[in-house]
1. Charges only on Cβ, +1 for Lys and Arg, -1 for Asp and Glu: so what's the dipole of the chain about the Cα centre, in debye to the nearest 20?
2. Running a GNM on the chain with Cα contacts under 10 Å, which residue among Gly213, Gly50, Gly203 ends up with the highest mean-square fluctuation?
3. Arrange the peptides 325-333, 169-177 so that the one whose residues have, on average, the most other Cβ atoms within 10 Å appears first.
4. Take each of the peptides 247-255, 260-268, average the number of other beta-carbon atoms within 10 Å over its residues, and list them starting from the highest.
5. From the helices alone, meaning DSSP H stretches of at least four residues, give me the mean residue ellipticity at 222 nm for the chain, per-run term -39500 (n - 2.57), in deg cm²/dmol to the nearest 500.
6. Work out how much length Glu275 to Asn42 would gain on full extension: take 0.36 nm times their residue separation and subtract the Cα-Cα distance, in nm to one decimal.
7. Where Lys and Arg each count +1 and Asp and Glu each count -1, what net charge lies around Lys319 among other residues with Cβ under 12 Å from its Cβ?
8. If each residue of separation counts as 0.36 nm, what is the full-extension length gain between Leu1 and Lys302 once their alpha-carbon separation is subtracted?
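What follows draws every value from the coordinates through simple rules; no lab data is involved. Since we're looking at a predicted model, the values are computed, not measured. Glycine gets a Cβ as well: all are built from the backbone with ideal geometry, and neighbour counts include every protein chain shown.
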Amino acid sequence: LRKVAVLGVGQCKWGMLADRTVHDMIAEVGNAALRDAGVPRNLIEAVYLGNVTGGELCNQYTMGSVAAHALGIPAVPAHRYEAACCTGAIGFREAYLAVANGVYDFVLVIGVEKLNVGDMDRTVEVISRGFDSWEGRIGLLAPSQYALYATAHMHAYGTTREQLAMVAEKNYYHGSLNPDAHMQKRYTVEDVLAAPMISDPLGRHDCSLVTDGAAAVVIGPLEKAKEYNARPIEVLASAVGAETSTTASRESYVSFGSTRRAVEAAYKQAKLGPEDISFVETHDCFTITEIINIEDLGFVPKGEGGAAVQDGYTRLGGKIPVNVSGGLKAKGHALGATGVGQIYEAVKQLRGEAGERQVPNAEVALTHMLGGAPSISTVHIFARGY
Ligand SMILES: CC(C)(COP(=O)(O)OP(=O)(O)OC[C@H]1O[C@@H](n2cnc3c(N)ncnc32)[C@H](O)[C@@H]1OP(=O)(O)O)[C@@H](O)C(=O)NCCC(=O)NCCS
């Protein structure tokens with residue numbers, strides 16, 4: 001395989017974007033990534049686009065072609081990828097494989113989602129199609145599934161509601177430092193605990209936001225990247241893990257097998273371990289998810305995730321900062337865009353361009369997404385290629 005690098009990144013402000021369409025978000029982030037990469041657009045050989053709900057909520061399928069048209073490169077192959085919350089990360093991985101295998105040189109990857117369309121019940125119903133539809137019919141939607149995992153983790157390891165709330169407080173704090181974040185307000189642990197209950201033990205502030213947003217990256221072979229961009233960020237690993245697609249048939253309710261399989265493969269590919277990672281962007285769809293993830297990714301022993309958050313281990317300035325962008329909790333969860341948005345954050349941090357939320361001495365970044373029950377997981381590892 002050839003070495004692959006990210007040459008350029010672009011992102012719009014995330015939030016409830018009533019005045020924006022998927023088309024103009026794609027144009028903004030795609031053009032920004034191309035400018036940042038310094039690669040002329042006539043050298044882009046393909047567009048890989050992650051989007052989940054465009055057909056249902058925005059009356060737009062074939063969004064890959066829509067993106068290629070909007071960016072003035074209508075004759076290149078352009079496809080849409082979908083894997084629930086892993087969508088953008090899977091689009092990135094497919095593009096990575098194409099470049100690594102020499103199929104294409106320069107590829108544009110875009111993640112885009114517009115979820116706030118004036119009917120939240122419909123949006124939540126469409127989001128829930130990323131989970132097993134049989135289980136959905138008996139009420140196992142995202143908050144109720146992850147509430148089961150929270151209860152199991154509390155029962156097995158003594159994790160507390162306060163520790164869950166500390167994940168939210170931390171990510172709101174990080175989001176307050178990120179001008180692109182959906183939510184820039186800070187909340188205390190007490191605020192989080194006082195919020196209305198959604199699915200016991202998860203309150204409103206334990207749940208990720210329903211966000212509109214987009215992000216884009218340009219990738220290419222590392223050696224050629226250097227001709228266009230003095231600061232390429234190398235992809236050290238790209239891995240996918242899988243597990244059963246129903247909640248009822250899971251291997252465990254306190255650990256995600258898809259994550260463990262993906263991260264094992266990623267560490268092997270990068271020839272690195274958790275001790276080498278400077279910061280992590282991980283899928284905090286619910287506060288409990290971040291706690292389970294930092295355990296499954298190997299940053300703390302199983303069962304100690306809650307205590308690690310309580311000790312400030314995962315806060316900006318702590319041993320392993322987690323979700324310094326604000327994560328899905330505060331930067332927001334724009335389904336198909338979230339995985340690409342994590343890569344935007346990784347690149348900005350590794351280049352030292354993350355402003356107030358900059359992780360000191362950021363050398364190696366790990367990004368991690370989950371999709372479905374979770375039935376799929378992606379892990380990517382990045383470091384400076386210059
Ligand atoms: C939690 C959730 C159900 C909304 O809760 P709700 O109590 O019905 O909230 P409402 O939509 O009535 O909004 C009420 C207020 O809470 C805010 N709010 C909504 N969701 C919020 C969230 N997740 N976190 C913090 N604040 C939230 C709204 O902005 C609104 O604020 P305002 O009164 O200042 O305008 C919704 O955010 C949700 O479903 N999140 C999870 C999405 C998901 O499952 N994604 C896939 C994950 S795998």
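1. Working: 34 positive and 42 negative charges, 142 e Å.
Approximately 680 debye in magnitude.
2. Taking springs between Cα atoms under 10 Å, the residue moving most is Gly203.
3. Details: 325-333: 29.9, 169-177: 23.7.
Going from most to least packed, we get 325-333, 169-177.
4. Values: 247-255: 16.3, 260-268: 19.8.
By packing density, highest mean first, the sequence is 260-268, 247-255.
5. Numbers: 15 runs with 150 residues, N = 386.
The helix-only estimate for the chain comes to -11500 deg cm²/dmol at 222 nm.
6. On the way: separation 233, 0.36 × 233 = 83.88 nm, distance 4.09 nm.
Length difference between fully extended and current span is 79.8 nm.
7. Working: positive: Arg315; negative: Glu275, Asp311.
With Lys, Arg at +1 and Asp, Glu at -1, the net is -1.
8. On the way: separation 301, 0.36 × 301 = 108.36 nm, distance 3.40 nm.
Result for the pair: 105.0 nm of gain on full extension.
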